[in-house]
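Heads up, the thing below is written out as structure tokens.
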Amino acid sequence: MSNTPTDYETFSAMLSQENIIVDAAEVQGILCGMLAGGMTADDQSWIEALSDVINQGDGFSGKVKTQIVAMFNEICQQFVDPDFALALCLPDDAAPINDRGTALLQWVQGFLLGFGLHQADLTQCSADVKEGLEDFTEIARMDEEMSEDEESEQALFEVMEYVRITAMLCFNELGKSPLESDNESNSVH
């Protein structure tokens, strides 16, 4: 596993070259949502589900599949890291604030989509997870332009951090770590 998080610009450009109409933020959001919604890390059906959602059901080229699998493995590692290491795949801080805000909205929309593919029953969720998912729904609906000022930068940073922490909270409560997946498959007799 690489210690360098997936680069938003490079990954998004590769998707665009392959005529895939989503960006890196949305792909990572979908994958995070799937895992946080309870999909096991060794469930190989995620690649087909992702191609259905972002590529009209067409398979991915070798290059795209390799990059997406690398991102998936990176997310799995970040979710189980004890240092809360999840790094959102968004444009860097030098990008215009509205580009970063739009990418964050796409990340959240992707998360909700991926989460919904694997978790329909929220009755057993904690109040914190339910509130976080409600907040994600509100965040996904935001569309007003942000001004290029320190106050907007701070607000965007706070929302990004909230999204990051909430995604990890969902995973910690509903997700299955690779260790759990191994134990479940080893305990079948």
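The values are calculated or read from the model by the stated rules, or taken from the named source; none is laboratory data. Owing to the predicted nature of the structure, the values given are computational and were not obtained by experimental measurement. Cβ placement follows ideal geometry from the backbone for every residue including glycine, while neighbour counts extend to all protein chains displayed. To get the accessible areas, we keep the full protein, side chains included, count just its heavy atoms, and leave off ligands, DNA and RNA. Shrake-Rupley method; radii C 1.70, N 1.55, O 1.52, S 1.80 Å.
Only residues that are part of a loop (DSSP other than H, G, I, E, B) and of a type outside the set (A, V, I, L, M, F, W, C): list them for region 32-47, please. Gly37, Gly38, Asp42, Asp43, Gln44, Ser45, listed by residue number. Of all residues in region 33-69, those that are among the aliphatic types (A, V, I, L, M) and in contact with a Ser or Thr (Cβ under 7 Å, 6 or more places away or on another chain) total 1.
Tell me, please, whether a residue that is in contact with a Pro (Cβ under 7 Å, 6 or more places away or on another chain) and more than 22 Å from Ala36 (Cα to Cα) can be found in region 94-114. There is at least one residue in region 94-114 that is in contact with a Pro (Cβ under 7 Å, 6 or more places away or on another chain) and more than 22 Å from Ala36 (Cα to Cα). Filtering region 36-75 to residues that are among the hydrophobic types (A, V, I, L, M, F, W, C), under 21 Å from Leu133 (Cβ atoms), touching a residue at least 60 places away in the same chain (Cβ under 8 Å) and open to solvent by less than 20 Å² (accessible area, probe 1.4 Å) leaves Ala36, Met39.
For residues in region 21-35 being open to solvent by 10 Å² or more (accessible area, probe 1.4 Å) and modelled with pLDDT of 90 or more, which is farthest from Gln77 (Cα to Cα)?
Val22
So which residues in region 15-34 are among the aliphatic types (A, V, I, L, M) and in contact with a Phe, Trp or Tyr (Cβ under 6 Å, 6 or more places away or on another chain), if there are any at all?
Initially, region 15-34 is screened for residues among the aliphatic types (A, V, I, L, M), giving 15, 20-22, 24-25, 27, 30-31, 34.
Residues satisfying the conditions are Ala24, Ala25, Leu31, Met34.
Return yes or no: is Leu113 touching a residue at least 60 places away in the same chain (Cβ under 8 Å), touching a Cys at 6+ places or on another chain (Cβ under 8 Å) and open to solvent by 20 Å² or more (accessible area, probe 1.4 Å)? For Leu113, the condition - touching a residue at least 60 places away in the same chain (Cβ under 8 Å), touching a Cys at 6+ places or on another chain (Cβ under 8 Å) and open to solvent by 20 Å² or more (accessible area, probe 1.4 Å) - is not met.
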